[in-house]
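What follows is one structure encoded as structure tokens, with my remarks underneath.
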Amino acid sequence: MVMKKHFLLTPGPTPIPPEVSAQEGLPVLHHRTAEFGRIFQEVIENLRYVFQTKNDVFVTASSGTGAMESAVCNLLSPGDTALVASTGVFGDRFAKILEVYGVKSIVLREPDGHVTVPSKIEEALKKNPNAKAVFATHTETSTGVVNDIGAIGKIVAKVPAVLVVDSVSGLGGQELRTDEWKIDVVCTGSQKGLMTAPGLGMISVSAKAWALVEAAQSPRFYFDWRKMRKSIAERQTPFTPPVTVIVAQAEALRQIRREGLENVLARHAWMAHAVREAARALGLKMFAQVPCNVLTAIAVPNGIDGKAIVKRLREDYGVSIAGGQGELVGKIIRLAHMGYMERFDVIIGISALEMMLQELGYKVELGRGVAAAEQAFLSKPSKNPSPLSHNSPPSIPSPTRGAGTRAP
């Protein structure tokens with residue numbers, strides 16, 4: 001028997017800074033007090049900073065899926081039509097939620113590993129001018145792709161429909177400019193790039209979206225944005241919030257502000273580049289056509305049991321990564337690099353993967369992937385290709401002071 005530490009490299013929950021965890025151990029505040037109100041107001045303002053928006057921002061007790069459902073019931077009525085641009089499991093989830101609420105969904109489904117084609121959305125909107133909303137995914141962690149939300153935003157802004165984006169895994173790790181990209185609703189959660197325990201769903205809502213909110217006929221009570229908007233003015237939530245998680249989220253957002261959002265995004269791009277370089281050095285293939293910066297999806301080599309990689313890494317080495325979902329079970333592995341992570345989290349993950357692949361019979365030169373990752377961390381990229389070019393490394397700004405390190 002040997003001592004076994006645990007390392008979390010999954011796409012949620014993600015590691016939590018100790019200063020953030022410590023906040024949950026403090027005495028619980030009453031949620032109808034000025035003290036909690038000040039913290040709640042700070043959370044809202046710092047979320048606006050991360051969302052990069054001046055729009056309304058709401059916080060609810062739920063996972064990111066709760067935020068997604070709230071977008072459907074607040075914007076649409078039974079019988080309405082909506083477009084869903086899906087690139088994986090989480091895009092498909094929007095279609096399932098729409099079905100529950102009696103909304104007709106026109107699903108533009110791309111093959112796994114491929115990205116949404118903005119021109120297809122433009123064509124679908126021409127054919128369906130009655131569509132009231134377009135639902136899209138920012139970073140699709142089931143396949144590891146990042147979609148061109150900026151291009152989609154330009155298209156949807158020209159029509160009456162609103163653009164709703166699932167950035168549950170993307171916010172705080174992948175560039176997202178809510179106002180500049182004309183995104184009407186963004187949904188996210190606390191347990192990924194925002195470095196807090198599961199329990200909070202967050203939503204930003206534009207002025208354009210509010211016309212639909214007022215007209216929507218879907219049933220809503222707990223997730224009613226009108227109630228949330230009214231309570232924001234009083235620096236509180238309509239119903240009892242998860243007070244300790246909100247207090248912890250306040251500290252996590254302070255850390256993001258201290259590091260600086262630009263540096264946070266550069267750190268994520270830096271780690272993503274290193275993981276991809278390591279995987280290539282090991283002869284492994286990227287699964288995503290356009291890989292995101294918060295997670296890397298790697299195709300499992302022929303003859304290797306993908307489920308065994310995930311299970312044995314966790315049980316034997318204490319390193320938790322994710323496997324494929326749905327039809328991709330056993331076919332891909334997913335190594336996350338989002339939130340409270342930096343260079344040595346990546347190196348631990350690559351090192352464990354090398355050893356496990358060798359144990360499972362894949363011919364690998366131990367240390368080759370680690371060396372490639374180390375070299376990527378030591379070298380400044382000579383090129384900054386577009387993050388939306390086929391199978392290319394993302395645009396990686398040279399990390400400034402604080403990037404690639406823990407926030408103070």
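The values are calculated or read from the model by the stated rules, or taken from the named source; none is laboratory data. As the structure is a computational prediction, the values presented were derived from the model and not from experiment. In this analysis, Cβ positions are derived from the backbone assuming ideal geometry, glycine residues included, and neighbour counts consider all displayed protein chains. Surface accessibility is based on the protein's heavy atoms, side chains included, excluding ligands, DNA and RNA. Shrake-Rupley method; radii C 1.70, N 1.55, O 1.52, S 1.80 Å.
For the reader, a short list of remarks on this structure follows.
- Summed over the range 104-150, the residues that are under 13 Å from the mean Cα position of the chain (by Cα), of a type in the set (Gly, Ala, Ser) and within 22 Å of VAL72 (Cβ to Cβ) give a count of 2.
- Flag for SER190 being hydroxyl-bearing (Ser, Thr, Tyr) and either at pLDDT below 95 or crowded, with 24+ Cβ neighbours inside 10 Å (or both): yes
- Of the criteria (1) more than 12 Å from PHE7 (Cα to Cα); (2) more than 23 Å from the chain's Cα centre (by Cα); (3) open to solvent by 40 Å² or more (accessible area, probe 1.4 Å), which one VAL364 fails: (3)
- Per the conditions (1) within 15 Å of the chain's Cα centre (by Cα); (2) open to solvent by less than 10 Å² (accessible area, probe 1.4 Å), the sole criterion not satisfied by ALA197 is (2).
A quick yes/no check of all residues on (1) part of a loop (DSSP other than H, G, I, E, B); (2) open to solvent by 50 Å² or more (accessible area, probe 1.4 Å); (3) under 25 Å from VAL165 (Cβ atoms); (4) of a type in the set (Asp, Glu):
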{"site": "MET202", "(1), (2), (3), (4)": "no, no, yes, no"}
{"site": "MET228", "(1), (2), (3), (4)": "no, no, yes, no"}
{"site": "PRO241", "(1), (2), (3), (4)": "yes, no, yes, no"}
{"site": "PRO301", "(1), (2), (3), (4)": "yes, no, no, no"}
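- Selected residue (only one of ALA233, ALA215 is modelled with pLDDT under 95 and more than 25 Å from THR141 (Cβ to Cβ)): ALA233
- Filtered residue count, the range 118-158, keeping only those that are part of a loop (DSSP other than H, G, I, E, B), over 18 Å from ALA95 (Cα atoms) and open to solvent by 20 Å² or more (accessible area, probe 1.4 Å): 4
- Residue check, ASN293 among the polar types (S, T, N, Q), buried (at least 17 other Cβ atoms within 10 Å of the Cβ) and touching an Asp or Glu at 6+ places or on another chain (Cβ under 9 Å): yes
- Selection count, the range 159-182, where residues are open to solvent by less than 10 Å² (accessible area, probe 1.4 Å), more than 11 Å from the chain's Cα centre (by Cα) and touching a residue at least 40 places away in the same chain (Cβ under 8 Å): 4
- Filter pass, GLU251 being closer than 21 Å to ILE97 by Cα and either without any contact (Cβ under 8 Å) to a residue 60 or more places away in the chain or under 21 Å from the mean Cα position of the chain (by Cα) (or both): no
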